[in-house]
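The values are calculated or read from the model by the stated rules, or taken from the named source; none is laboratory data. As the structure is a prediction and not an experimental result, all values here were calculated from the model. As a convention, Cβ positions derive from the backbone with ideal geometry for all residues, glycine included, and neighbour counts pool all protein chains shown.
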Amino acid sequence: MPITLSPLTPGFACEVGDVDLTRPLDDADLAAVRDAFARFAVLVFPSQDLTVEQHLAFARCFGTLERSVATVMPGETLRVSPEIADIANLTSDGRVWAKDHRLRLFQMGNRLWHTDSSFKQPTGCASLLYARSIAPIGGHTEFADLRAAWDALDEATRARADGLIAEHSLQFSRRRLGFADWSPQERVAFAPVARPLVRTIPESGRRSLYLASHIGRVRGLADDEAEALLARLVAHATERRFTYLHRWRVGDLVMWDNRCTMHRGTEFDDTRWPRDMQRATTSDVPDAFDDALRAAGYGTAAEDAARSTEAARAEAARAAA
Ligand code: OGA
Ligand code: MN
């Protein structure tokens with residue numbers, strides 16, 4: 001039996017049924033999933049019962065898996081394999097964390113509208129988040145369609161945003177929450193990278209905003225001007241008409257396209273209820289932004305990232321001296 005598609009919204013989120021992700025999909029089913037992913041940008045696969053290996057194997061169908069940011073955070077014991085981003089509120093020995101746990105402060109960033117790994121080179125493409133246990137109340141995930149938001153944007157704002165280059169860093173999104181306690185290695189690992197504010201998704205040809213709480217600067221704009229423009233774009237892109245709220249059930253695997261969506265976790269009592277969510281994320285092609293960055297005069301994305309890393313390294317060495 002081929003997979004079935006049941007749209008949850010007209011063009012953004014879709015449920016995928018009659019599919020068992022514990023086994024490799026045949027070519028026709030995989031092609032159907034890829035098509036659906038290009039048309040919708042959020043796919044929900046309910047009632048899955050996956051081992052970590054099965055989760056990773058399905059994710060690999062969509063590209064090379066990135067390693068989680070926790071792998072560069074010194075002193076953190078990984079609860080899961082390096083290809084899994086641990087979205088749970090659990091300590092490495094499996095207990096619900098305390099209010100002052102360092103990773104808790106850090107993970108609060110997931111409550112801000114963001115896209116995964118826009119601050120990495122290469123950036124994140126597909127994220128596949130799997131629910132092993134959920135909170136009885138709250139702890140939903142909300143998604144915003146940045147293609148639809150672009151389509152609905154007025155001409156003047158489109159003209160203003162198109163061609164602008166933003167700088168993304170994990171340090172910028174965590175700074176919004178007052179988190180600034182970075183080790184020298186983290187400052188280097190999370191040096192800002194340059195990304196266009198507007199992009200085209202190759203599979204669909206659709207134009208999209210590329211926004212995230214990770215953006216901290218827009219090149220060529222004063223900080224106040226940049227912040228005002230970003231705030232307006234994010235407010236527009238997250239209007240109810242562009243969003244879908246996912247209420248989790250245990251066994252849901254939700255897959256989204258980080259190239260053209262933002263998401264955020266909603267509140268829940270995270271020092272009370274265990275919520276064990278695990279994510280695998282694929283990397284986009286490394287040259288996805290080269291044309292946009294060259295057109296703006298910055299060389300390739302890799303070159304720009306290398307310059308930024310070098311500057312952060314020099315800064316860290318100065319601070320240590
Ligand atoms: C993520 C994320 C939000 C949530 O997995 O990347 O941001 O609701 N999750 O857990
Ligand atoms: Mn995320």
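Summed over the range 237-272, the residues that are within 14 Å of ligand 1 (Cβ to nearest atom), surrounded by fewer than 18 Cβ atoms within 10 Å (Cβ to Cβ) and outside any loop (DSSP other than H, G, I, E, B) give a count of 1. Outside any loop (DSSP other than H, G, I, E, B) and basic (Lys, Arg): is that true of ARG217 in this structure? In short, yes.
With the structure loaded, tell me whether ALA32 is in contact (Cβ under 8 Å) with a residue 40 or more places away in the chain and either surrounded by 15 or more Cβ atoms within 10 Å (Cβ to Cβ) or within 18 Å of the chain's Cα centre (by Cα) (or both) or whether it fails that test. For ALA32, the condition - in contact (Cβ under 8 Å) with a residue 40 or more places away in the chain and either surrounded by 15 or more Cβ atoms within 10 Å (Cβ to Cβ) or within 18 Å of the chain's Cα centre (by Cα) (or both) - is not met.
When residues of the range 50-81 are filtered for being at pLDDT 95 or above, surrounded by 16 or more Cβ atoms within 10 Å (Cβ to Cβ) and either in a loop (DSSP other than H, G, I, E, B) or of a type in the set (Val, Ile, Thr) (or both), how many remain? Adding up the residues that qualify gives 4.
Of all residues in the range 273-315, which are within 16 Å of ligand 1 (Cβ to nearest atom), over 15 Å from GLN121 (Cβ atoms) and either surrounded by fewer than 17 Cβ atoms within 10 Å (Cβ to Cβ) or polar (S, T, N, Q) (or both)? Outline the logic, then answer.
Taking the range 273-315 first, the residues within 16 Å of ligand 1 (Cβ to nearest atom) are 273-284.
Right, trim to over 15 Å from GLN121 (Cβ atoms) and you get 273-280.
Correct list: TRP273, PRO274, GLN278.
For the range 82-195, the strands (runs of 3 or more DSSP E) that sit wholly inside it and include 2 or more residues that are within 16 Å of ligand 2 (Cβ to nearest atom) and in contact (Cβ under 8 Å) with a residue 24 or more places away in the chain are 124-133, 141-145. Which of the following residues is within 18 Å of the chain's Cα centre (by Cα), polar (S, T, N, Q) and more than 21 Å from ALA70 (Cβ to Cβ): THR261, THR281, THR300? Unique residue meeting the criteria: THR261.
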